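The values are calculated or read from the model by the stated rules, or taken from the named source; none is laboratory data. Quick caveat, the model's predicted, so the values are computed rather than measured. For neighbour counting, all protein chains shown are included, and Cβ atoms are generated from backbone atoms with ideal geometry for every residue, glycine included.
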Amino acid sequence: MPRFTLPVSRSMMWTGLLIPFLLLPYRYLWFPCGLAATLMVLPGRWSWRDLLRRDGTLVVGSMLVLLVPTGLDPGWWVPWLAVMSGLGVWRMRFGPGCRSSMCAMPVVWILAVGLLLRPGWSGFSFPQVGLGAGTVLVCAGDSLTSGLKPGSDAETYVAYLRTMLPGPVINAGVANDKTGDLLKRLDRDVLSHEPATVLLFIGGNDYLDGTPRGLFRERLDAVAGRIASAGCRLVIVEVPSGIIWNRYAGVYRHVARRHGASLVPESRLRLWYSVELLARDRLPEPLTLDGIHLSPAGARRVADWLEPHVRVRPGAACITPRGKLAEL
């Protein structure tokens, strides 16, 4: 049985491949994880131990890069861990031949796409009837919603949504708000308008202020519960928490499922902020003014992103079963 040592150049190549994925949305990890699984099913005379010596940087590193942002969200990484463990057992016991490898390779890529990329997934939705042109949308959140100009929300994503939607769009954002602050003013600033739809875009200040995961989940659950119990359609925007380690991973999805809310996943917003972090000075139209608060161009981009999630066409009725995964 041939023995291999891990070439430094090969290890550096895999390391260079993995590092960017620490900043990208973790749904993008389907590619390095699928590549690692492919190496495990390739035919070869080397043993499992030799495979790890040769390509362990990718095989082990892909799992570590997946676990770093999703460690607190086991629903995302446990299925893939089971796949990789099964492949490891299969290789140790049987060893892949050419025929079995040809069958296994498309299977591992399908599993990587299905379990990690989750194509077509955009959240949860619940039944809504009779939401049309004359309805009120309230956008509740912090300074990303309110903007930074006292007494004006010009050039915020809310202002741009007003030009896109037929009904009234009310800005209920307050700078520096956390979920607990929004909970205290929910009746006065949000529910008093009798909205048909509430867009909930909050959580960044909780992260910056160090709100513990459990307390954040409790407060977000309370806010969502009050809105849902008032009969409003609720759309929750998942806010990235942390550059690499995601303190609130899975919290938004849990709350959305619990209260039958529509969920807008964080993937696109995280990608935009990662690009901003790495190359803000080189962008023709930066997303933010200061690395956090939206610029006019960024607000317009966010409005374009959110508009399909909050628009309900006149006379249309959503009949998606409560809590079912749905494309909005």
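Looking at (1) closer than 19 Å to residue 172 by Cα; (2) surrounded by 22 or more Cβ atoms within 10 Å (Cβ to Cβ), find the lone condition where residue 193 falls short. All conditions are met except number (2). Would a scan of the stretch 106-117 turn up a residue that is more than 24 Å from residue 258 (Cβ to Cβ) and at pLDDT below 90? Yes.
Would you confirm whether or not the stretch 150-167 contains a residue that is touching a Lys or Arg at 6+ places or on another chain (Cβ under 7 Å), part of a loop (DSSP other than H, G, I, E, B) and modelled with pLDDT under 95? Yes; the residues of the stretch 150-167 include at least one that is touching a Lys or Arg at 6+ places or on another chain (Cβ under 7 Å), part of a loop (DSSP other than H, G, I, E, B) and modelled with pLDDT under 95. Considering every residue within the stretch 9-17, establish whether at least one is farther than 19 Å from residue 112 by Cα, touching a Pro at 6+ places or on another chain (Cβ under 6 Å), modelled with pLDDT under 90 and not aromatic (Phe, Trp, Tyr). No.
Report whether or not residue 55 is in contact (Cβ under 8 Å) with a residue 40 or more places away in the chain, over 18 Å from the mean Cα position of the chain (by Cα), in a helix (DSSP H, G or I) and farther than 30 Å from residue 243 by Cβ. Against the criterion (in contact (Cβ under 8 Å) with a residue 40 or more places away in the chain, over 18 Å from the mean Cα position of the chain (by Cα), in a helix (DSSP H, G or I) and farther than 30 Å from residue 243 by Cβ), residue 55 does not qualify.
Remark: residue 266 matches the filter, which requires a residue to be surrounded by 18 or more Cβ atoms within 10 Å (Cβ to Cβ) and touching a residue at least 60 places away in the same chain (Cβ under 8 Å).
Of the residues 253, 217, 247, the single one that is within 24 Å of the chain's Cα centre (by Cα), assigned to a loop (DSSP other than H, G, I, E, B) and not aromatic (Phe, Trp, Tyr) is 247. Scanning the stretch 194-214 for residues that are outside any helix (DSSP H, G or I) and free of Cβ contacts under 8 Å to residues at least 24 places away in the same chain yields 210, 212. Scanning the stretch 289-312 for residues that are closer than 24 Å to residue 242 by Cα, of a type in the set (D, E, K, R) and surrounded by 15 or more Cβ atoms within 10 Å (Cβ to Cβ) yields 300, 301.
Within the stretch 256-294, the set of residues being in a strand (DSSP E or B) and under 15 Å from residue 202 (Cβ atoms) comprises 263, 264, 294. Look at residue 266 and say whether it is under 21 Å from residue 138 (Cα atoms) and either out of contact with any helix residue (DSSP H, G or I) (no Cβ under 9 Å at 6 or more places or on another chain) or small (Gly, Ala, Ser) (or both). Answer is no for this residue.
For the stretch 231-238, the criterion of a residue being more than 20 Å from the chain's Cα centre (by Cα), surrounded by fewer than 16 Cβ atoms within 10 Å (Cβ to Cβ) and modelled with pLDDT under 95 is satisfied by at least one position.
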